[in-house]
Every structure is written in C-alpha cells, then in structure tokens.
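Please read the structure below before turning to the comments.
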Amino acid sequence: MQSWIQNYIENHKKVIESIPVGKIDKLITLLKEANREEKQIFIFGNGGSAASASHFATDLGKGASDRLSKRFKCFSLNEATAWMTAIGNDYSYEDVFVHQLRNFARPGDIVFTMSVSGNSPNLVKAVDWANKEGLHTIALVGGKRGRLAEIAGDVVVIDSTHYGHVEDALMLIVHLLTYAFMENPQLVELNK
C-alpha cells in the first residue's frame, strides 16, 4: 500500500506542475476587473465540482472580499437546492444552471464552471447560453477537455483524466485565485 500511496503522490505532483501559470494569472486579472466593475460571478459544477464551486464562492465572497474595498459579487448556483430540483423536475436536469442565469445574469458578468470531463450537458448548455448573451465564460476542465474546452472564452486544462488528481488541482486553482487577493497587497491597492 505504501508503494501505491507514493506513486499516487508522485503522479499528483506532475499534475500540479502542469498547471498553466500564465492562464491562472489571466484569471486573477479577470476577477480583479470584475470586482472593480461590480460584475457578478456565477460559479457552478456537478458532483465534486459542485462542492468546489460552493467552496470557491465562499472563499471569494468572504476571504478575498475581506481584503478589498469592494466585495466580490459571486454566487454558487449549486446552493439553490429547491430551485434546482424544481427546474430539474419541471424542465430537465440540463436546465438547472441556465434557468438561474436567465434570471440574474447580465452582459459582462462572468460564468465560471468546473468539470473533469468537460462534457456535462447542464454545464455546456449554461456556457453556450452565456456566450450568446455576452457574458465572459471560464471553464476549468480535465485532460479529456470535452465540449467546454471548445466553447468557453477562457479555458484551463488540467493534464490528467484521473478524477481525484483533476479535482484536487481544481481546488488548488480556486485557492490560487482567492489567496491572490488575500496575500498580495498590491492587488488590494489596485482595487481602491
């Protein structure tokens, strides 16, 4: 078992080292601009990525915002359980995110999704709608890339198809995005 554990850790290090630093830097800039312009940021995913979306919205809305003169206007669309189940029941599960966006999103807002496969129909439908409506779309995906990698405005691909490694890398990225504001005073000063 120790050999398997060591091998898992070594493989995970390779995945982490493949994260494209330049793309993460660009996302930090996009978040800074969204905050300055008071744009909304809608975050969502399925399964483990749903939990990561809620975690990201919490860290961005509380932790990162605590350092800024303007607070991030961010929401995890995964939190509206009653609404999601009503939409899923009355329409389809593919509509659980796009219907929420239709109620709240405006051109220039940000849609931020995470998916290991990149092919979840409800994510693809929401990103496709957001593109047509003039929102900025961001997708973090695994090595399969999927449809999201083809249609999102900004894409970060994690170089692995292993669900555990990809999901851990996604959490590292969202922590990079939030701790950039928590630990870099120059970002805080530029916000004022």
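Dividing the alpha-carbon radius of gyration of region 116-192 by 2.2 N^0.38 Å (N being the number of residues), what value is obtained?
Normalised Rg, Cα atoms only: 1.27.
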Given (i) 62, 31, 22; (ii) 51, 45, 28; (iii) 49, 40, 27 as possible values of Cα extents along the principal axes in Å, the one from the coordinates is (ii)
With the dipole of region 33-191 defined by +1 on each Lys or Arg Cβ and -1 on each Asp or Glu Cβ, the option from GLY48, ILE158, MET114 whose Cα lies farthest towards the positive pole is MET114
Excluding same-chain pairs closer than 8 in sequence, count the lysine pairs in region 33-191 whose Cα atoms lie under 30 Å apart. 13
Using alpha carbon centers only, region 37-91 is separated from region 114-182 by a whole-angstrom value of 14 Å
For region 76-153: rounded, prolate or oblate by the Cα gyration tensor [a/c cutoff 1.5]: oblate
Please get the size of the charge dipole for the chain, origin at its Cα centre, with Cβ charges of +1 on Lys and Arg and -1 on Asp and Glu, quoted in debye to the nearest 20. 320 debye
Charge dipole of the chain about the Cα centre (unit charges at C-beta), most positive-ward option of SER69, THR29, ALA57: SER69
Full-extension gain between LYS26 and LYS132, please, as 0.36 nm times their residue separation minus the C-alpha to C-alpha distance. 35.9 nm
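Where a number appears in this text, it was derived from the coordinates with a stated rule and is not lab data. The structure presented is a predicted model; accordingly, all values stated were derived computationally and were not measured. Methodologically, a virtual Cβ is constructed for each residue, glycine included, from the backbone with ideal geometry; neighbour enumeration extends over all protein chains shown.
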